[in-house]
Amino acid sequence: MNEQQNSNIAEGINRNLLPRHVAIIMDGNGRWAKRRGLPRSDGHAEGVNTVRRITRLSSDLGIDYLTLYAFSTENWNRPKEEVDTLMHLISWALEREIPELLANNVRMLIIGDLDRIPEGPRNVLLGCLEKTAHCTGLRLVLSLSYSSRWEITEAAKKIARRVAAGELSIDNIDEATISDSLATKGIPDPDILIRTGGEKRVSNYLLWQIAYSEFFFTDTLWPDFDGAEYRRILEEFAGRERRFGKTSEQVNPKSN
């Protein structure tokens, strides 16, 4: 997708109604490849092109955060050959995309258990974090070796250590304490959760953070997900009423 196509897709959209934070479960790479008689690795490679497309459009629209579920804790259970291919692909894609991220003022962040990632890919990831640290535009958050149960378990350990050290009283533990102990500390909760590929589940992803997110499920496989469909989802989001437990009258008193 070139700049002109991005401009056409972004034209006329009310940016005041756009979400601040979009989270996406990128599903369907393997099935995309299988339907074409291709190896699964080809589907993952094509999925990288979609990441570039959606990242660029999110940046152009002025969205603050885009969080992508790139590799889950459970994905370590896949065949070793596929895991190795994914690790190589992630390294290759990041090295290829750094110039584009810098050109578009995109800062990359990572959430997940990086200790499990092999040294080579981990060094590439850390290098990308360092090279984009000064960028002030879209924050692209990659969820790598991540699962929500892992994250919450680690948060519980962190809080328990603070209590044991006398730094925190049990009675003072509140929602903010937990949020500040998660991998997403400092990142606002997603306004939208999108899942491609036709499945309708959240797959152990951002369970604490999506408590009030708007959900969008699409049958489109991730490699086929394009800017036009992304815009349709954003426009539908703009038309939804988010009440956060309140009544419609409280949220929109002028509509009475």
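Can you confirm whether P121 is out of contact with any His (no Cβ under 7 Å at 6 or more places or on another chain) and surrounded by 14 or more Cβ atoms within 10 Å (Cβ to Cβ)?
yes
Hey, among the residues in region 125-147 that are of a type in the set (A, V, I, L, M) and open to solvent by 30 Å² or more (accessible area, probe 1.4 Å), which one's farthest from I54 (Cα to Cα)?
Restricting to residues being of a type in the set (A, V, I, L, M) and open to solvent by 30 Å² or more (accessible area, probe 1.4 Å), the top hit is L126.
K200 is checked against (1) surrounded by 13 or more Cβ atoms within 10 Å (Cβ to Cβ); (2) in contact (Cβ under 8 Å) with a residue 12 or more places away in the chain and fails just one. What number does that condition carry?
Among (1) surrounded by 13 or more Cβ atoms within 10 Å (Cβ to Cβ); (2) in contact (Cβ under 8 Å) with a residue 12 or more places away in the chain, K200 violates only (1).
Kindly indicate the residue of region 148-165 that is within 23 Å of I25 (Cα to Cα) and not polar (S, T, N, Q) and also surrounded by the most Cβ atoms within 10 Å (Cβ to Cβ) among those meeting that condition.
Restricting to residues being within 23 Å of I25 (Cα to Cα) and not polar (S, T, N, Q), the top hit is E151.
Do any helices (runs of 4 or more DSSP H) lying entirely in region 1-105 carry at least 1 residues that are more than 22 Å from L234 (Cβ to Cβ), open to solvent by less than 30 Å² (accessible area, probe 1.4 Å) and in contact (Cβ under 8 Å) with a residue 24 or more places away in the chain, and which ones are they?
The helices (runs of 4 or more DSSP H) meeting that bar are 29-35, 40-61, 80-103.
Quick check: is even one residue across region 204-218 open to solvent by 20 Å² or more (accessible area, probe 1.4 Å), out of contact with any Phe, Trp or Tyr (no Cβ under 7 Å at 6 or more places or on another chain) and among the acidic types (D, E)?
Checked against the condition, which is being open to solvent by 20 Å² or more (accessible area, probe 1.4 Å), out of contact with any Phe, Trp or Tyr (no Cβ under 7 Å at 6 or more places or on another chain) and among the acidic types (D, E), region 204-218 yields no hits at all.
Condition first: surrounded by 14 or more Cβ atoms within 10 Å (Cβ to Cβ) and among the charged types (D, E, K, R). Can you find one or more residues in region 166-174 that meet it?
No: zero hits.
The values are calculated or read from the model by the stated rules, or taken from the named source; none is laboratory data. Computed from a predicted model, the values in this text were never measured in an experiment. Cβ atoms come from the backbone with ideal geometry, glycine included; neighbour counts cover every protein chain shown. These accessible areas exclude ligands, DNA and RNA; they are computed on the full protein's heavy atoms, side chains included. Shrake-Rupley method; radii C 1.70, N 1.55, O 1.52, S 1.80 Å.
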